[in-house]
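**Q** A single structure is presented below for examination.
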Amino acid sequence: DTGVSQDPRHKITKRGQNVTFRCDPISEHNRLYWYRQTLGQGPEFLTYFQNEAQLEKSRLLSDRFSAERPKGSFSTLEIQRTEQGDSAMYLCASSLAGDGANVLTFGAGSRLTVL
Amino acid sequence: GDSVTQMEGPVTLSEEAFLTINCTYTATGYPSLFWYVQYPGEGLQLLLKATKADDKGSNKGFEATYRKETTSFHLEKGSVQVSDSAVYFCAPPNNFNKFYFGSGTKLNVKP
């Protein structure tokens, strides 16, 4: 297993454009999480899935953000009409549900720069 | 809601010095506690964990004991190395499915 993969690693876009990030979790992990991290800060929870169901969304997630996990495997995070304040590192993590749920395995992240 | 207070950085130490990074938390239940580490240019990775009160987690020479009476989970290492330079995150009680990460403490170890 190659761990959690995220793509692209870096995206530069102009304000107002849409961007999409993809996350491929560890294959046997049924939980998938999205976090956002800005410089000098810890990761902030955005949303998470158990299998294909999106179980929670943070209030930080505006209507411009949408996440999907259509088949319970990979996930996408789309940001519409990007703003400069969206510039951050978007982190994906996965875990097993149950006793092992507390251990998150993170991907390397997708860095978004909005000009 | 749950929150964590983590020692602010950056912390600069000489190689072989003793390290303590303080972390205290508020909790609404009986949590598991974690320290994650982020090396330069890499993603976060689990450093160690403790799953119940008085439990000690350890890994790579780092240790942390879950002190329920003081709601603390301080990270310690007896002799740091340059390769330990990273940002350390205290991850307090898991509200069942999401982690609340602290602000992180950047550690710089000088040779």
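**Q** Evaluate the stretch A:12-29: report whether one residue or more is part of a loop (DSSP other than H, G, I, E, B) and under 22 Å from B:Tyr100 (Cβ atoms).
**A** At the first step, the residues of the stretch A:12-29 found to be part of a loop (DSSP other than H, G, I, E, B) are A:14-18, A:25-29.
Checking the rest, the ones that are also under 22 Å from B:Tyr100 (Cβ atoms) come to A:25, A:29.
Yes, there is a match, as at least one residue in the stretch A:12-29 is part of a loop (DSSP other than H, G, I, E, B) and under 22 Å from B:Tyr100 (Cβ atoms).
**Q** Related question: Restricting to strands (runs of 3 or more DSSP E) lying wholly in the stretch B:1-67: which have 2 or more residues that are at pLDDT below 90 and basic (Lys, Arg)?
**A** Details: elements: B:3-6, B:11-14, B:19-21, B:23-26, B:33-38, B:44-50, B:56-59, B:62-65.
Fully inside the stretch B:1-67 and qualifying: nothing.
**Q** Quick test of your reading of the structure: A:Thr2 fulfils all but one of (1) within 21 Å of B:Trp35 (Cα to Cα); (2) outside any strand (DSSP E or B); (3) without any contact (Cβ under 8 Å) to a residue 40 or more places away in the chain. Name the failing condition by number.
**A** That leaves (1) as the condition not met.
**Q** Do the conditions hold for A:Thr82, that is, is it more than 14 Å from chain B (Cβ to nearest Cβ) and polar (S, T, N, Q)? Give the derivation first.
**A** Numbers: more than 14 Å from chain B (Cβ to nearest Cβ): yes; polar (S, T, N, Q): yes.
So A:Thr82 fits the description; yes.
**Q** Same structure again: All but one of (1) polar (S, T, N, Q); (2) within 26 Å of B:Gly102 (Cβ to Cβ); (3) touching a Lys or Arg at 6+ places or on another chain (Cβ under 8 Å) hold for A:Gln41; state the number of the condition that does not hold.
**A** All conditions pass for A:Gln41, except number (3).
**Q** In the set A:Asp99, A:Asp24, which member is modelled with pLDDT of 95 or more and out of contact with any Pro (no Cβ under 8 Å at 6 or more places or on another chain)?
**A** Values: A:Asp99 fails: modelled with pLDDT of 95 or more.
Exactly one residue qualifies, and that residue is A:Asp24.
**Q** Which strands (runs of 3 or more DSSP E) sit wholly inside the stretch A:40-104 and have at least 2 residues that are over 23 Å from B:Gln45 (Cα atoms)?
**A** Details: elements: A:44-50, A:53-57, A:65-68, A:75-79, A:88-95.
Qualifying strands (runs of 3 or more DSSP E): A:53-57, A:65-68, A:75-79.
**Q** Moving to a separate point now. Pick from the stretch A:63-86 the residues that are polar (S, T, N, Q) and surrounded by 14 or more Cβ atoms within 10 Å (Cβ to Cβ): which of them is nearest to A:Ile12 (Cα to Cα)?
**A** Our first condition is that a residue be polar (S, T, N, Q); within the stretch A:63-86, this holds for A:66, A:73, A:75-76, A:80, A:82, A:84.
Subset that is surrounded by 14 or more Cβ atoms within 10 Å (Cβ to Cβ): A:66, A:73, A:75-76, A:80, A:82.
Details: A:Ser66: 19, A:Ser73: 26, A:Ser75: 20, A:Thr76: 17, A:Gln80: 14, A:Thr82: 11 Å.
In this case the residue turns out to be A:Thr82.
The values are calculated or read from the model by the stated rules, or taken from the named source; none is laboratory data. Bear in mind the structure is a predicted one, so any value in this text is a computation, not a measurement. Cβ atoms come from the backbone with ideal geometry, glycine included; neighbour counts cover every protein chain shown.
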